[in-house]
1. Over all directions, what mean area does the Cα convex hull of the stretch 211-277 project, stated in square nanometres?
2. By a straight-distance test (C-alpha under 17 Å), which lysines pair with K15 as possible cross-link partners, with residues fewer than eight away in the same chain excluded?
3. Over 27 Å between Cα atoms: which of K50/K212; K246/K269; K154/K229 fall into that group?
4. Percent relative contact order of the stretch 124-264, based on C-alpha pairs within less than 8 angstrom and at least six residues apart?
5. Suppose R0 equals 45 Å; then what is the FRET efficiency for L195 and E280 from their Cβ-Cβ distance, rounded to the nearest 0.05?
6. Starting from a Cα-only point model with no solvent, please compute log10 I(q)/I(0) by Debye for the chain at q = 0.11, 0.12, 0.13 1/Å.
7. Highest GNM mean-square fluctuation, the chain, Cα pairs closer than 10 Å: which of K97, K269, K66?
8. Express the relative contact order of the stretch 225-276 as a whole percentage, based on alpha carbon pairs under 8 Å and six or more residues apart in sequence.
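No lab work stands behind these numbers, since they all come straight from the coordinates. What you see is a predicted model, and the numbers here were worked out from it, not measured in a lab. Quick reminder, even Gly has a Cβ in these numbers, built from the backbone with ideal geometry, and neighbours come from all protein chains shown.
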Amino acid sequence: MGELYLVATPIGNLKDITLRAIEILGEVDLIAAEDTRQTLKLLNHLGIKKPLISYHHHNRREAGEKLIKRLQEGNKIALVSDAGTPGISDPGEDIVKLCVEEGIEVYACPGPVAGIYALTVSGLSTDKFVFEGFIERDGKGRREDLERLKAETKTMILYEAPHRLQKTLSDIYEYVGDRRIAICRELTKRHEQILRLTVGEAIKYYEENNPKGEFVLILQGLTQEDIDKEREERYENLSIVDHILKYIEEGNSKKDAIKLVSKERKLPKSEVYKESLKIEN
Ligand code: SAM
């Protein structure tokens, strides 16, 4: 049996290739590449000559079968994508699944991931995060994605194309809220830029600056402050009495309704109780 190596390659700066990646690319029998022309440039830069085979999203089934056959014949194969880590918003997942099914060993040669770079420099919480990659472009799927983002408490990593950046920012503003966001552009490249601001500020910025290059967005998760603010806004136009009545209508006892209202409005229970006396039984 052969072995499959998922080899991470630079996301911009060619110096971000690991010594081990160079070694593996030099040792394998074959390199499966998302875009053979792109990979050829990297291999020329590294002075490596190897047979290349194309493996991308659209041919992953047929090409995957060929690769499995070559692996079963004992070949060592490296899989590389155009940039960064294979399998992360890039081809990789399917061939790894096939290898696992066929009992073929898979190794990764770790290296750059645009989303992780962006997360670490974002200034937002790195403690718990989710990788969202590209959200759906339109329709029901997009609305569902935005709804999920709205409720997410962990820091979110999003990828976006430059021509869709403004639309995505305004959808986040409308459906998710005016959170903190880090907009990370052209990482490791000459025009690298990290903007740390709010979604509303970012919208204004891109009204005056045309988005160019590659982007990662790091979006702050839902905080307790956001939850409190939203709750306050919801009950802003409601009197205390109406607020109590609303909970009673929802099936709570008067006593529980008073408790809930005092907790939500951060008011002493005695004060809410006094108001509740206005309600006729
Ligand atoms: N496999 C890659 C990785 O490990 O990050 C991601 C590939 S995905 C097809 C391409 C997207 O990654 C771009 O549209 C952009 O959102 C992000 N990306 C890749 N390189 C980047 C860079 N140098 N700066 C900012 N974003 C980048």
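1. If you wrap the Cα atoms of the stretch 211-277 in a convex hull and average its projections, you get 6.7 nm².
2. K41, K189
3. Numbers: K50/K212 34 Å; K246/K269 17 Å; K154/K229 18 Å.
Result: K50/K212 exceed 27 Å.
4. On the way: 180 pairs, mean separation 34.0, N = 141.
Relative contact order comes out at 24 percent.
5. Working: r = 56 Å, r/R0 = 1.25.
Here the calculated transfer efficiency is 0.20.
6. -0.76, -0.84, -0.93
7. So, out of K97, K269, K66, the one fluctuating most is K269.
8. Working: 31 pairs, mean separation 18.1, N = 52.
That works out to 35 percent.
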